[in-house]
Structures are given as C-alpha cells and as structure tokens.
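No lab work stands behind these numbers, since they all come straight from the coordinates. These numbers come from a predicted model, not from an experiment. For neighbour counting, all protein chains shown are included, and Cβ atoms are generated from backbone atoms with ideal geometry for every residue, glycine included.
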Amino acid sequence: MNTRTVDARGLEPPEPFERAMEAIADLAPGGEFILLLDRMPQPLLRMLDRDGYRHDARFREDGAVEIRIGRP
C-alpha cells in the first residue's frame with residue numbers, strides 16, 4: 001500500500017492547514033498519509049487528538065516536521 005505524502009512546506013497560513021484537512025477528509029477508515037511541514041502544528045495536533053485520529057510527529061534531519069496521520 002502506498003502512503004500519500006502531502007508536502008505543505010513553504011506555504012503561507014492557512015494553506016498548510018487546509019491541505020491537511022483535505023487529506024483527512026479523503027482518508028478511508030484505516031488509511032493514513034504523511035504531512036510535511038516547516039514547523040510543529042500544535043493546533044492541528046490538538047484537533048487530531050480531539051477527533052480520535054492517530055498521529056506520530058517527528059523532526060527530520062532536513063529540519064522539516066513529518067507527521068503520519070491515520071484514521072481509526
């Protein structure tokens with residue numbers, strides 16, 4: 001299974017959040033995608049927690065934030 005990557009680095013707000021929300025809306029149950037950002041998106045992470053999505057965030061060697069987001 002290929003995991004979709006949404007690269008939202010270098011975009012001005014609110015475009016990264018909007019791209020993340022579009023990808024979340026397209027997720028099938030059990031699906032996941034990777035979101036690449038320039039910084040840790042605390043409001044998005046709180047929303048994911050609130051709505052029961054799985055997520056794992058890490059800083060990559062190139063300084064980007066990589067978040068794997070999954071639908072339960």
Please give the number of the condition I69 fails out of (1) part of a loop (DSSP other than H, G, I, E, B); (2) in contact (Cβ under 8 Å) with a residue 40 or more places away in the chain; (3) surrounded by 12 or more Cβ atoms within 10 Å (Cβ to Cβ); (4) not hydroxyl-bearing (S, T, Y). (1)
From L45, L36, which residue is in a helix (DSSP H, G or I) and closer than 17 Å to G70 by Cβ? L45
For the stretch 27-62, which residues satisfy the criterion of being loosely packed, with under 12 Cβ neighbours inside 10 Å, without any contact (Cβ under 8 Å) to a residue 40 or more places away in the chain and either of a type in the set (F, W, Y) or closer than 17 Å to N2 by Cα (or both)? F59
Among the residues of the stretch 6-13, are any touching a residue at least 24 places away in the same chain (Cβ under 8 Å) and surrounded by fewer than 13 Cβ atoms within 10 Å (Cβ to Cβ)? yes
Picked from the stretch 14-26 (must be surrounded by fewer than 14 Cβ atoms within 10 Å (Cβ to Cβ) and aliphatic (A, V, I, L, M)), the residue nearest to the chain's Cα centre (by Cα) is M21
Provide a single number: the residues in the stretch 27-47 that are touching a Lys or Arg at 6+ places or on another chain (Cβ under 8 Å) and farther than 18 Å from L11 by Cβ. 6
